Every structure is written in structure tokens, then in C-alpha cells.
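Beneath this line is the structure, given in C-alpha cells, with notes to follow.
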Amino acid sequence: MCEIMRALVLLFFVCFWLYDVTHKHNSISVASQSTEEDTVFVNGTAAIGSIDDDFVCATMDWWPPEKCDYGTCSWGNASLLNVDLGNDILLNAIKAFSPLKFRLGGTLQDKVIYQTEDSPKHHTSFVKDSSQLFGFSDGYLPMPRWDELNILFKNAGAVVIFGLNALQGRTIDSHGAAVGDWNASNAESFIRYTVNKGYTIHGWELGNELCGSGVGTRVTADQYASDINSLHNKVQDIYSGSELAKPLVLAPGGFFDSSWFSDFVDKAPQSVQVLTHHIYNLGPGSAPDLVDKILDPSVLDGISKTFSDLQMLLKNSKTSAVAWVGESGGAYNSGHNLVTNAFVFSFWYLDQLGMAASYDTKTYCRQTLIGGNYGLLDIQTFQPNPDYYSALLWHRLMGNNVLSTSFSGTKKLRTYSHCSKKTQGITVLLINLDGNTTVQVDVSTENGGSRSTLNLEQGLKDSKTTKNDVREEYHLTAKDGDLHSRVMLLNGKELTVDSAGKIPSLEPVIVGMSDPTSVAPFSIVFVHIPNITVPACK
């Protein structure tokens, strides 16, 4: 009997340990709460970078329902070929951005045949076949489906980047490299169809993850430069005489490799207007330590070298091209359910947006709008996940000019600031990665070495305030304090679409300027301060 009791006690402690390990970041600990006070300094003398008005971008991919990772199939009917284009939430979710930039593409784009008049007609796309490149057979884009997609894009006011198949005409050699010239005939026919129909395309991108070491296969920088020169010439020719604006040419849509990118830019300095690179800096979606990585400042900082190196490469080259993040889902192979589609992922996502902007990245495309476990929308209900609202608030509040921002307190508080969007003042983003510490933050500006504190106590001693004495705050937290929750709270109110599929309004709380901003544990705050003007924002 004693042996049984000892075994039961041991089992209890093992179960308790396992629960503690798997739930240690789930919610805010009440037992060891603390408070810190410090100041965020914003240097408004000059901008350190600038972003596009439509900096926030989302992708739509080609993966079929049979795409599975680690035993989980998370794509459903979320691809360009089968997503429900008539869904009201989908339409409203895109329209809320006015506009939302789209990048259409992904791994399987390099196996897509466009079914224009001169191409063969097939009815079965992307059949699972492990013997083929990327594990699937070729796919086919019927022109009626392309027409339907463009109706959605027009009605929603989307800005479209289309990723072209860059493997047409090539063969895979014994070393796994794709060799030979790009056969552009099918792509050219597709672009001509698009122009003849009057569809507005903001940019044509060539290939997906074929640069450097590549994913699945690779193309040399010399060959890619030759191909992008060819695409550039075809775009110039096809759009000449058209009333449509000439689109951008983008490449290479893959992971940054300094040597490869440098060679590519040297050989195609005028043909490419945007250098696109991809980011999956958290590792595979199956990683058991994803949440630990998201909450670790050193992990978040790790990708800064990529941004810095690409910025310097462009600065020192002869090209006028700019940098975009063309695809980023954090954790590759479709992400991880209840992590990359939950509240906790907004820490990583908003930090990425802030960091990318500070290195003069013009656009940042999130993988995905819908599809996988990292979509901004749920693949079944189309309900927005927490990162959708994070993206929408960024889009509405963070203006073009990026300001240098520093914080001398805890490294667990991430800080970024921009000139406010379409209104006076600055907007500061505060991300608290600490689950036990509330940070009381004052904001100061640094102008030519002198600091102008925004915690304005003078003149506010009476109970009355004017519109010039207040700021707007947007506090984002997880429902029930659970970091794995797929429900986000804005200023304590649950965010959800209504019965008509309408996106909720995102209203701030109004706070007097004499009070510091209180950043709760495991929370995110956007602070719009309208009553400050700095030289960089004039």
C-alpha cells in the first residue's frame, strides 16, 4: 500500500511539473507583480527611415488542403484557387485598411501555369506527390478565377503584387540547382491578359526562395539578373501605350544572402525596383520553445543584422531599389496553432514591424492574410486573429517617418515611434514582454540635444483639461490574460466582428498628459501624442 501511495505522489508531482512547464507563459502571474518607472526618449530631429503608406502587407498563398506539417493540416480552403471570395468578413477585413497591400505567391508559385488562350487546359491542380519538387504536381490558374480575384481586389481597394513562376524552362541538375534561361512565354501571355482586362497590378515579382542556397532548388545570381532584366523589358513593352501605371519589378523573394544579393544587384541595378527578402527567424512551427523565443529580447534583436546588412548593401550599390520584407510568418512550415495565431504572436509581429521600419524597409508582408496557423484570419470562420487588429492599428496610427527611439529601463520593454499618420504629433509603440512588471512610461523628445518632456504637470493642476492636454492610448491585452488566447482586448473590450461581418471600431482611451502611460505585464500600447511637433514630422 505504501508503494502505491509513493507512486501516486510521484505521479502527482510529475504531472504538476509538466503542467507548469507547458503553461509557464500562459497567463500573468499575480504573485510577484512589480512596477518600474522610466522614460522613453524620442529623437525628433530627423527621420531615421521612411515607410510606404501601405507598409502593412499580407500574403495569399497557393497551398492546397493537403498541405500538412507535423501531422497538422492547417490550410483548408484558404488558397488563391479555393478561398471563398464572397465572404463578407474577408471583404471587410481588406477594406478596413484602405488600402491593404497584397503579395500573391509562395512556394508553389514556381509550379503555376497560367491558363491563357495559348496554354494547355488542366482541371486538377497541386496533387500531392512526394516525388515532385515541393511535394506537389503543377497547379493551374484559370483566367475566370483570376477575373474573380480581381473583382475582390477592386471592391476591397487592394494593392496587388503578383509572384510569377520563375522555374519555367529550367531543369534541375544533379546538384539540385535550377539551370537554364527562364522561359517567359506563359508569364508574358498572362501579363498581357491582365493588362488587356484593365487590372491594376502594383508589381510583378519573379520567383520564390530561389536565391542563395534556395529552398527546394536555387538559381545563380548571374542567371537571376539576366531573367529579371528580361522581365523588366517585357513589362516596359507590354505596358507601353497602356493607360495603366507601369508596375514595379520585384525580386528575388527569398532569404537574404549578402553575397548573392550583392552580385544580383550589381548585374541588374536598373531592372529591379524592389529587393524582397523573407523572414522566419523563430525556426520551425514544431519548435517547443516558440513562446520563449518570442519573449526573449535577444532573439528578437537577432534579425536586426539582416535588416542592417541589406540597408548598407543598397546604400553602397548603384541601384535605386528599396527593401521590402516580401514574406514573413515567423515560424516556417505553417506556424503553430495557439501561438502564431494567438495573442502572444503580436509581440513578435509588432516588434518586427517596428524594427523593419527603423532600417528603412518600405513594406512588410505578413504570411498570411488567411491560411496556415499564422493567418491574420481564421481559415474556417474568417474571424480576425489578434495580429489582424495589431496590423490595423499600426496601419492607422504609424506614419511614414520613423523616429529614433530609446529606453534605458528593462530590456523587456520594446519601444518604437513614428510621426503620426494623417494627423499631428507622434505615435509611440510600447511592447511589454515581461509578465510580472508594469512599466510606468513618460515620453520625452530630444531636439538638437535638448529634451522636451511630455509629462506636462504644469498648467494641469485643476481638474479641467483641453484637447491639447491629452493623448490617446490603445492598450492591447489577451483575454483572461492567456497568451495563447485567440481573442484580443482593446482597452479591456473584446474585439470581434458583428453579425454582418463588420470589423469593430478601434477606439482609444483619452488620458491626461500629466499621467505616465501604464504598460501592464504582457501588454502592448500604442500612444498617440497629438500636441507635440518635432522637426522630423513637419
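We did not get these values from a lab; they are worked out from the coordinates using the rules stated. Note that the structure is predicted; figures quoted are calculated from it, not measured. FYI the Cβ positions are ideal-geometry reconstructions off the backbone, even for glycines, and counts take in every protein chain you see.
Derived scalar couplings between HN and Hα for the stretch 181-188 equal 6, 5, 8, 8, 4, 5, 5, 5 Hz in order, rounded to whole Hz, by the Karplus curve 6.51 cos²θ - 1.76 cosθ + 1.60 (θ = phi - 60°), x for Gly and Pro.
When DSSP beta bridges are restricted to pairs lying wholly in the chain, around 50% turn out antiparallel.
Separation of the stretch 54-113 and the stretch 151-199, taken as the distance between their Cα centroids, equals 17 angstrom. Within the same chain, lysines fewer than 8 places from Lys422 are excluded, and of the rest, those with a Cα less than 25 Å from its Cα are Lys95, Lys101, Lys154, Lys362, Lys467, Lys502, Lys538. Within straight-line reach of Lys412, meaning a Cα separation under 16 Å, sit the following lysines at least 8 residues removed in sequence or on another chain: Lys293. Taking 0.36 nm per residue of separation and subtracting the current Cα-Cα distance, fully stretching the chain between Ser308 and Ser240 would add 20.8 nm.
When the chain is described by a simple charge dipole with +1 on each Lys and Arg Cβ and -1 on each Asp and Glu Cβ, the residue from Gln236, Tyr474, Phe255 located farthest towards its positive end is Gln236. Taking the stretch 359-376 and a reference point 7 angstrom along Cα→Cβ of Asn87, the backbone N atoms nearer than 12 Å belong to 369-372, 375-376.
Restricting the calculation to Cα atoms, the stretch 127-177 shows an Rg/Rh of 1.12 when the hydrodynamic-style radius is the Kirkwood one.
Note on Asp469 and Glu36: the extension gain reaches 153.4 nm, defined as 0.36 nm multiplied by sequence separation minus the Cα-Cα distance.
Think of each Lys and Arg Cβ as +1 and each Asp and Glu Cβ as -1; about the Cα centre, that makes the dipole of the chain roughly 740 debye. Ranked by the mean number of other Cβ atoms within 10 Å of their residues, highest first, the peptides 258-269, 236-247 fall in the order 258-269, 236-247. Across the stretch 207-355, the relative contact order, built from alpha-carbon pairs under 8 Å that are at least six residues apart, equals 25 percent.
Maximal additional length on extending the Val299-Asn183 stretch stands at 37.7 nm, based on 0.36 nm per residue less the C-alpha distance. For the stretch 384-441, the fraction of C-alpha pairs farther apart than 13 angstrom is 66 percent.
Given +1 at the Cβ of Lys and Arg, -1 at the Cβ of Asp and Glu and no other charges, the dipole of the stretch 255-379 around its Cα centre is 360 debye to the nearest 20.
Working from label points 7 Å from Cα in the Cα-to-Cβ sense, the Lys197 to Asn436 distance is 5.8 nm. With R₀ fixed at 35 Å, the C-beta to C-beta distance from His175 to Met143 puts the FRET efficiency at about 0.40. In loop segments of the stretch 34-70 as defined by DSSP, the chymotrypsin sites (Phe, Trp or Tyr not before Pro) with at most 16 further C-beta atoms inside 10 Å of their C-beta are Tyr70. If R0 equals 51 Å, the separation of the Cβ atoms of Lys267 and Thr45 corresponds to a calculated FRET efficiency of about 0.85.
Looking at the stretch 65-220 only, what percent of DSSP beta bridges run antiparallel? Nearest 5 please. Percentage antiparallel, nearest 5: 25. Here the relative contact order of the chain, from alpha carbon pairs under 8 Å that lie six or more residues apart, stands at 20 percent. Over the stretch 280-324, with a single point scatterer placed on each C-alpha, what log10 of the ratio I(q)/I(0) does the Debye formula yield at q = 0.16, 0.21, 0.25, 0.27 1/Å? These q points yield log10 I(q)/I(0) values of -0.57, -0.73, -0.86, -0.93.
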